[in-house]
Amino acid sequence: MKKYLLLPFLLVVFGAAGVLNSCKKDADSQPTVGTVSLELANMVGTQPLALDGTAYSTASGETFTVSTLKYYISNITFAKADGSTYAAPGEYHLIDASKSASTNFTVSKVPTGDYTGVSFVVGVDSTTTKGDPLALSGDLNPANAMYWAWATGHIFLKLEGTVTSASPNKALVCHIGGYRQPYSALVTAAPSFKGSTLQVRSGTTPKIRLSADVLKIFDGPTRFTLSSFPTTMMPSAASVQVAQNYAAGMFAVAGVQAN
Amino acid sequence: MRATHLLRTLRQPLAHWRLAALLALGGVVVASASCSKVASLELAVPGTEQPANFPAMVYNLAKNPPSAAAFELGKALFYDKRLSHDGTVSCGSCHQVAAAFAQPGFRFSPGVGGRPGARNAPALQNLRWRRSFMADGGVLGLELQALAPLTDAHEMSMPLADALARLNADTNYQQHFAAVYGPGKIDTPQFLRALAQFTASLTSANSRYDKYVRHEAGGEFTAQEVSGLAVFKAKCGGCHATDLFTDESFRNNGLDRTFARDSGRAHITSWPTDRGRFRVPSLRNVAATGPYMHDGRFATLAQVLAHYNHGVQPSATLDPLLRQPDGQLGITLTAQEQAGLLTFLNTLTDQAFLTDNRLGPPH
């Protein structure tokens, strides 16, 4: 019996050696990499967002409170001045205003260099969201209540609260998702570095500080009043407008730090 | 499961060769081959075979290979009322084995608090041959499908995180899950995988019709049934195609002129051209799965035939197969043809499936 085992065994050994060998070669030719840290500050205008019933007002004087703010940031891409980009694979981050740990995360293995911009999808790409459900773990886990079971896919952004200037008070329910045309809400935000550079070096962890302004969800290419803001719980023309609003103006770079 | 498979393999001649080859290649080919081997060896799990008269299976067995222990776990979950918010409803409340897992007598099955849902509970059968689920095709995988009734306020009204917390707090489930998936917290993948072990096993392929087409004993058809089958093929088979009796498309079979209550496929796609289109359902066990259509509007099969014969309503999305060249709507069926169709539809009842104790509630 033993000799029957020998041939496959040799295959294993040589196979493994081959793999190791090619790995080594790759490592030699690979550029060095560094880690980038991202930090999000959820705001309402100039005030930090609190989920404790604090009332905020819009530009037109309507008031509201927020009980839930959650959104996905994924497909993070760093751009250089020469137009070349690095798209970080496998990054899916659920930002939950009620969990401070979720507002900080790092992206590793970013090739070293000087970057002048960042962009990211606010949501989850369609391939991932409708892909193998058994791979949906961590931030993508449907147990995070950011998932539409009836239409297979993640909710990209969830804002809930109360419009307190409406009488009687009106529930603020805004669940944005959907990756199918005509009402795809998959949008990309590209907040400007405003001239700063992100210097990625091995051994340091530069940080991009972002702010996310809730008011911009209602106010952008389309201006909604809170009294007429639709309860959105499925893809619709309004949910696409909301997504375009938050893509356009919700995220701003508050600072780029070297370390 | 894998371990038992390897043990069995070891006992066979040349087993070392195979084991070694398996270890050496370890690739997709061998992995999938070994998984189908697992399926056919594991006789304790119902419905793992590919019936000869069915189209090719859609479901990737290798991703969730059937095992007796996982099947039993899935069955326990399917019949456990504690998975509903108030402990009154299980999957099995709305999906009953004697009705091919539809719910007889209810147009809209009541969920927690007696709240009726939005659609009629369909039969659950041959789900491994399906690409999408629900009457509007909104759900893209069998594993994911369980999330819809679990979390729907009208059905079990149970947030997934709460369901997982209940399972993790139960020592019985802890042990059962650990035995199947190894130690650790019960999380979404294990939970959904286990439930799908049960739903995937619901294969119905032994009706008299099946035996007739497979030329097996017990597959004798009367002259009326033979002519009913011929009428069916000619007049219904354009949509209710293959031996699964569905082409899996979404079509408007003329129930309504407007679709304010339920827009069907358009609920998912938002396209006006999809308004009023619903999945073409399988007709297996159809005599046992009434009431009929997405909203359970017809109590009997005779009413369904009457609908196709003279009840079809015009609308922009009405299926072309239901518009005759002379402008008349529907499918003309003589009284004799209707009688033949009814006897034929009754041959689709798979008595062994409807009375399979392995699929019923655990004692």
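Worth a mention:
- Chain B, Rg to Rh (Cα coordinates; Rh as Kirkwood inverse mean 1/r): 1.00
- Dimensions of segment B:170-324 along the principal axes, based on C-alpha atoms and rounded to the nearest Å, stand at 62, 48, 24, largest first.
- Formal net charge of residues neighbouring B:Ile186 (Cβ-Cβ distance under 12 Å; K, R +1; D, E -1): +1
- Excluding exposed DSSP-loop trypsin sites (Lys or Arg not before Pro) (at most 15 other C-beta within 10 Å), longest clean stretch of chain B: B:1-130
- D_trans [Stokes-Einstein, Kirkwood Rh over alpha-carbon pairs] for segment B:262-321, 37 °C, 0.692 mPa s, µm² s⁻¹: 256 µm²/s
- The distance from the alpha carbon centre of segment B:278-309 to that of segment A:157-228 is 46 Å, rounded to a whole number.
- Residue exposure sequence - B:His310, B:His154 - by fewest surrounding Cβ within 10 Å: B:His310, B:His154
- Set of aspartates and glutamates with alpha-carbon distance to A:Lys80 below 17 Å, sequence-local pairs under 8 removed: A:Asp114
- Whole-Å distance, taken between Cα centres, linking segment B:167-217 and segment B:87-120: 20 Å
- Lys/Arg +1, Asp/Glu -1 at C-beta; the protein assembly as shown dipole; positive extreme among A:Tyr86, B:Leu150, B:Val89: A:Tyr86
- For the protein assembly as shown, a crude dipole built from +1 on the beta carbon of Lys and Arg and -1 on the beta carbon of Asp and Glu, taken about the Cα centre, is about 940 debye to the nearest 20.
- Label-point separation in nm, B:Ala118 to B:Asp247, each point 7 Å along Cα→Cβ: 2.7 nm
- Within-13-Å neighbourhood charge of B:Ala316 [Cβ basis; K, R +1; D, E -1]: +1
- Here the simple spin-label model places points 7 Å from the Cα toward Cβ, and for B:Arg166 and B:Asn357 these points are separated by 2.9 nm.
- Averaged over the residues of B:133-144, the number of partner chain Cβ atoms lying within 10 Å of the residue Cβ comes to 4.
- Hits among aspartates and glutamates - C-alpha to C-alpha of B:Lys185 under 13 Å, sequence gap 8 or more where chains match: B:Asp170
- Exposed loop sites, defined as trypsin sites (Lys or Arg not before Pro) outside DSSP H, G, I, E and B with at most 16 other Cβ atoms within 10 Å, are absent from the longest region of chain A, namely A:1-98.
- Farthest toward the positive end of the dipole of the protein assembly as shown, out of A:Thr77, B:Leu124, B:Ala69, is the Cα of B:Ala69, where the dipole comes from beta carbon charges about the Cα centre.
- Peptide A:146-158 shows a mean partner chain C-beta count of 5 within 10 Å per residue C-beta.
- Folded to 0 to 90 degrees: helix B:188-200 orientation relative to chain B principal axis, Cα: 60 degrees
- Remark on A:Thr204: its backbone amide H falls under 5 Å from those of A:Thr35, a criterion applied only to residues 5 or more positions apart or on other chains, H modelled at 1.01 Å from N.
- As a length-normalised measure over Cα pairs under 8 Å and 6 or more apart, the relative contact order of chain A settles at 23 percent.
- Estimated vicinal HN-Hα couplings, Hz - segment A:148-156 in sequence order (Karplus 6.51, -1.76, 1.60; Gly, Pro = x): 9, 5, 6, 9, 5, x, 6, 7, 7
- FRET efficiency, A:Arg201 to A:Asp125 (Cβ-Cβ, R0 35 Å, nearest 0.05): 0.75
- For A:Lys70, the aspartates and glutamates whose Cα comes closer than 14 Å to its Cα, not counting residues fewer than 8 places off in the same chain, are A:Asp96, A:Asp139, A:Glu160, A:Asp213.
- Pairwise Cα inverse-distance average, inverted: Kirkwood Rh of the protein assembly as shown (Å): 27.9 Å
- Nearest-ten-degree value, helix B:15-25 long axis tilted from longest Cα axis of chain B: 80 degrees
- Using alpha-carbon coordinates, inclination of helix B:28-41 to the longest axis of chain B, degrees: 80 degrees
- Sequence of B:His294, A:His154 once ranked by neighbouring C-beta atoms within 10 Å, starting from the fewest: B:His294, A:His154
- Taking every residue in B:183-189 and counting other chain Cβ atoms within 10 Å of its Cβ, the average works out to 3.
- Under Karplus coefficients 6.51, -1.76 and 1.60, residue-wise ³J(HN,Hα) of segment B:161-177 in Hz, glycine/proline x: 4, 5, 4, 5, 4, 4, 5, 5, 8, 9, 5, 4, 5, 3, 5, 4, 5
- Relative exposure of B:Glu220, A:Glu160, judged by other C-beta atoms within 10 Å (fewest first): B:Glu220, A:Glu160
Every number here is computed from the coordinates shown, using simple stated rules; none is lab data. This one's a predicted model, so the numbers in the text were calculated from it and none came from an experiment. Reconstructed Cβ throughout: ideal geometry from the backbone, glycine too, with neighbour counts over all protein chains shown.
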